[in-house]
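Chemist: To start, I am sharing the structure in question, which I have written as structure tokens.
The values are calculated or read from the model by the stated rules, or taken from the named source; none is laboratory data. As the structure is a computational prediction, the values presented were derived from the model and not from experiment. Here the Cβ positions follow ideal geometry from the backbone for every residue, glycine too, while neighbour counts run over all protein chains shown. When the accessible area is computed, the model is the full protein with side chains, heavy atoms only, and any ligands, DNA or RNA have been set aside. Shrake-Rupley method; radii C 1.70, N 1.55, O 1.52, S 1.80 Å.
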Amino acid sequence: EAQVTQNPRYLITVTGKKLTVTCSQNMNHEYMSWYRQDPGLGLRQIYYSMNVEVTDKGDVPEGYKVSRKEKRNFPLILESPSPNQTSLYFCASSFFGNLNTEAFFGQGTRLTVV
Amino acid sequence: SQQGEEDPQALSIQEGENATMNCSYKTSINNLQWYRQNSGRGLVHLILIRSNEREKHSGRLRVTLDTSKKSSSLLITASRAADTASYFCATDSPNRDDKIIFGKGTRLHILP
């Protein structure tokens with residue numbers, strides 16, 4: 001089954017404790033991206049990747065890191081989480097960027113930083 | 001940066017009625033997509049419309065694109081309770097990079 005898998009689904013952590021949210025897709029997609037969703041703000045792109053070893057900042061990259069060492073995986077790293085990073089996070093993938101093809105979304109990771 | 005903006009922010013209609021929501025954007029685009037999100041879950045792709053297309057259909061969904069007005073509309077005909085969700089448009093970045101810009105969404109509630 002074609003899917004994007006995020007883990008964990010729920011996470012509560014403390015300020016400053018490094019964490020990683022994993023994302024994996026099984027569709028051989030080139031384009032992957034991370035979004036955060038906050039009430040009243042919609043989805044905002046954090047980082048995206050056009051292919052292996054190619055990553056770029058989205059609209060809200062501060063406080064986040066990503067890596068794309070393999071085509072299927074695109075982990076999101078919070079080196080020192082802060083309460084303002086409490087949010088619902090989504091990973092997505094598509095064959096290409098620029099909205100040329102449909103994007104598939106993971107089920108989301110609800111992160112709370114206390 | 002906000003490229004696409006949906007309107008209205010929220011919409012409640014009776015089951016069986018048609019629902020129309022709009023997306024306006026600021027700069028020219030190559031592609032526009034509509035997505036649905038059921039409460040707190042991942043987004044699901046509905047329709048892709050390219051800048052050289054004016055209208056596309058998929059089942060009970062009809063999407064139009066007016067590039068002169070920089071706007072798109074999503075029409076859901078004969079609404080059902082299962083259509084209750086948030087709907088988002090996504091557009092190319094105005095900076096011509098590979099970013100994807102989502103609007104804030106329209107919350108649609110279908111009343112029984």
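Chemist: Would you calculate the convex hull of the Cα atoms in segment B:28-112 and tell me its volume per residue in Å³?
Modeler: Details: hull volume 8.5 nm³, N = 85.
Hull volume over Cα atoms, normalised by residue count, gives 100 Å³.
Chemist: Under the 0.36 nm per residue contour assumption, what length would be gained going from the current alpha-carbon distance of A:Thr86 and A:Glu102 to full extension?
Modeler: Details: separation 16, 0.36 × 16 = 5.76 nm, distance 2.75 nm.
Full extension from A:Thr86 to A:Glu102 adds 3.0 nm.
Chemist: Leaving out ligands and nucleic acids, and using a 1.4 Å probe, what accessible area per residue does segment B:34-112 come to in Å²?
Modeler: Numbers: 3600 Å² over 79 residues.
Here the residues of segment B:34-112 average 46 Å² of exposed surface.
Chemist: Treating the protein assembly as shown as a set of equal point scatterers at the Cα positions, no solvent, please give the Debye-formula log₁₀ I(q)/I(0) at q = 0.11 Å⁻¹.
Modeler: -0.53
Chemist: Let me ask something else. When the Karplus curve 6.51 cos²θ - 1.76 cosθ + 1.60 is applied with θ = phi - 60°, which whole-Hz ³J(HN,Hα) does each residue of segment B:96-112 get, with x for Gly and Pro?
Modeler: Ordered by residue, 3J(HN,Hα) equals 6, 9, 9, 6, 10, 10, 9, x, 7, x, 10, 8, 9, 10, 9, 8, x Hz.
Chemist: Hey, how many Å between the Cα centroid of segment A:38-114 and the Cα centroid of segment B:88-102?
Modeler: 14
Chemist: At what distance in nm do the modelled label points of B:Arg96 and B:Leu75 sit from each other, each positioned 7 Å from its Cα along Cα→Cβ?
Modeler: 3.5
Chemist: Next question. In Å² (nearest 100), what accessible area is buried between A and B, both sides summed, heavy protein atoms only, 1.4 Å probe? Each step should come with its number before you reach the end.
Modeler: Values: alone 6360 and 6260 Å², together 10480 Å².
Between A and B, the summed buried area is about 2100 Å².
Chemist: Which residues' amide hydrogens lie under 5 Å from the amide hydrogen of A:Gly58, considering only partners 5 or more residues apart or on another chain, with H built in the peptide plane?
Modeler: For A:Gly58, whose amide H was placed from the backbone, the distant partners under 5 Å are A:Tyr47, A:Tyr48.
Chemist: Separate question: Taking a label point 7 Å from the Cα of A:Glu1 along the Cα→Cβ vector, which residues of segment A:64-105 have an amide N closer than 15 Å to it?
Modeler: A:105
Chemist: Next question. Counting partner chain Cβ atoms within 10 Å of every residue's Cβ in A:52-59, what's the average? Could the numbers behind the result be given before it?
Modeler: Values: counts 0, 0, 1, 0, 3, 2, 6, 7.
Mean shielding by partner chains, rounded to a whole number: 2.
Chemist: Using the heavy atoms of the protein chains and a 1.4 angstrom probe, tell me the accessible area per residue for segment A:38-114 in square angstrom.
Modeler: Values: 3340 Å² over 77 residues.
Here the residues of segment A:38-114 average 43 Å² of exposed surface.
Chemist: Moving on to the next point. Give the lysines whose C-alpha is closer than 28 Å to that of B:Lys99, dropping any in the same chain fewer than 8 places away, or say none.
Modeler: Reachable lysines: A:Lys18, A:Lys57, A:Lys65, A:Lys69, A:Lys71, B:Lys26, B:Lys56, B:Lys69, B:Lys70.
Chemist: P(r) for chain A, please, calculated from all Cα pair distances in 10 Å bins and given in %.
Modeler: P(r) for chain A, in whole percents per bin: 15, 51, 29, 5.
Chemist: With a 10 Å cut-off between alpha carbons and a GNM built on chain A, which of A:Ile77, A:Ile12, A:Ile46 moves the most?
Modeler: Maximum fluctuation in the GNM of chain A, among the listed residues, is at A:Ile12.
Chemist: Return the long-range amide H neighbours of B:His109 (sequence gap of 5 or more, or a different chain), with a cut-off of under 5 Å between placed amide H atoms.
Modeler: Under 5 Å from the amide H of B:His109: B:Leu11, B:Ser12, B:Ile13.
Chemist: If we count every other residue with Cβ under 15 angstrom of A:Asp56's Cβ, Lys/Arg +1 and Asp/Glu -1, where does the sum land?
Modeler: Numbers: positive: A:Arg44, A:Lys57, A:Lys65, A:Arg68, B:Arg96, B:Lys99; negative: A:Glu30, A:Glu53, A:Asp59, A:Glu62, B:Asp92, B:Asp97, B:Asp98.
Local net charge: -1.
Chemist: Based on the Cβ-Cβ distance of B:Thr67 and A:Lys57, what FRET efficiency does E = 1/(1 + (r/R0)^6) give at R0 = 41 Å, to the nearest 0.05?
Modeler: Working: r = 28 Å, r/R0 = 0.69.
Computed FRET efficiency for B:Thr67 and A:Lys57: 0.90.
Chemist: To continue, here is another question. Which residues among segment B:74-95 fall inside the zone where the amide N is under 19 Å from a point 7 Å beyond the Cα of A:Phe95, along Cα→Cβ?
Modeler: Correct set: B:92.
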